[in-house]
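Down below is the structure, laid out as structure tokens.
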Amino acid sequence: MSALVLMVLCAGPQPPVELLRQAVAETAIAQVKRIDEKWHPNQRDCAGLVRFSLRQAYRRVEPKRLESPLFLAATGATDFADAETLLSYSFTGLGRDARSTLVKTGDVLAFRQPRDSGDVFHLMLVVAPSDKAHGEIYVVYHPGEKDAPVRAGRMSELMREAPGEWRPVPENPSFLGFFRFKEWSS
């Protein structure tokens, strides 16, 4: 029996958010190694990775929650939400400075790139170590191109080495900040 299953069985009626966070991380990281066939090919993009990881976490930890749509949109509860809609309705902002926020596993960092055809939003999932003093924060993301693999990297490298428009730093106007799933914000 997995450690996650044992923790769920011992958790009682209301599973702690930490179990959901861990399940999100496990799902996202598993996609780096091999994309799960349950993740529909037409939904394989950055927002799709966030939706899939959250759904899989709830499926493992609190399946009854999936009896109603997990996400919100302008029209109410929904099963599908693009990156902009997720940020606007299902997530809450934490700020733009990683040093001043308490970024946790399952949070997302978001970017908005202006294009002639309209703004393009991009999300990356945070996977933080349980012991921040002895580990690094990683990001896991899908780059958006069809058939592209899911990628992962150190947040510190992203902050230093990514092209300027993809650096999660306050000086970058394309960086919208860090966001947390609203259900986990209480």
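The values are calculated or read from the model by the stated rules, or taken from the named source; none is laboratory data. Remember, predicted model here, so these are calculated numbers, not experimental data. Cβ atoms come from the backbone with ideal geometry, glycine included; neighbour counts cover every protein chain shown.
Of all the numbered requirements in (1) touching a residue at least 24 places away in the same chain (Cβ under 8 Å); (2) touching a helix residue (DSSP H, G or I) at 6+ places or on another chain (Cβ under 7 Å), Asp107 misses one, and that requirement is (2). Report yes if some residue within region 49-69 is touching a residue at least 60 places away in the same chain (Cβ under 8 Å) and within 25 Å of Pro170 (Cα to Cα); otherwise report no. Yes: region 49-69 contains one or more residues that are touching a residue at least 60 places away in the same chain (Cβ under 8 Å) and within 25 Å of Pro170 (Cα to Cα). Among residues that are without any contact (Cβ under 8 Å) to a residue 40 or more places away in the chain and aliphatic (A, V, I, L, M), Ala83 is not included.
The set of residues from region 21-64 being surrounded by fewer than 16 Cβ atoms within 10 Å (Cβ to Cβ) and either within 14 Å of Val108 (Cα to Cα) or among the basic types (Lys, Arg) (or both) comprises Lys33, Arg34, Lys38, Arg59, Lys64.
Restricting attention to region 70-78, does a residue exist that is modelled with pLDDT of 95 or more, over 24 Å from Pro168 (Cβ atoms) and touching a Pro at 6+ places or on another chain (Cβ under 7 Å)? Yes, some residue in region 70-78 is modelled with pLDDT of 95 or more, over 24 Å from Pro168 (Cβ atoms) and touching a Pro at 6+ places or on another chain (Cβ under 7 Å). Tallying residues that are among the basic types (Lys, Arg) and at pLDDT 95 or above within region 155-186 yields 2.
From the list Gly48, Gly12, the one residue that fits, being modelled with pLDDT under 95, out of contact with any strand residue (DSSP E or B) (no Cβ under 7 Å at 6 or more places or on another chain) and farther than 23 Å from Asp131 by Cα, is Gly12.
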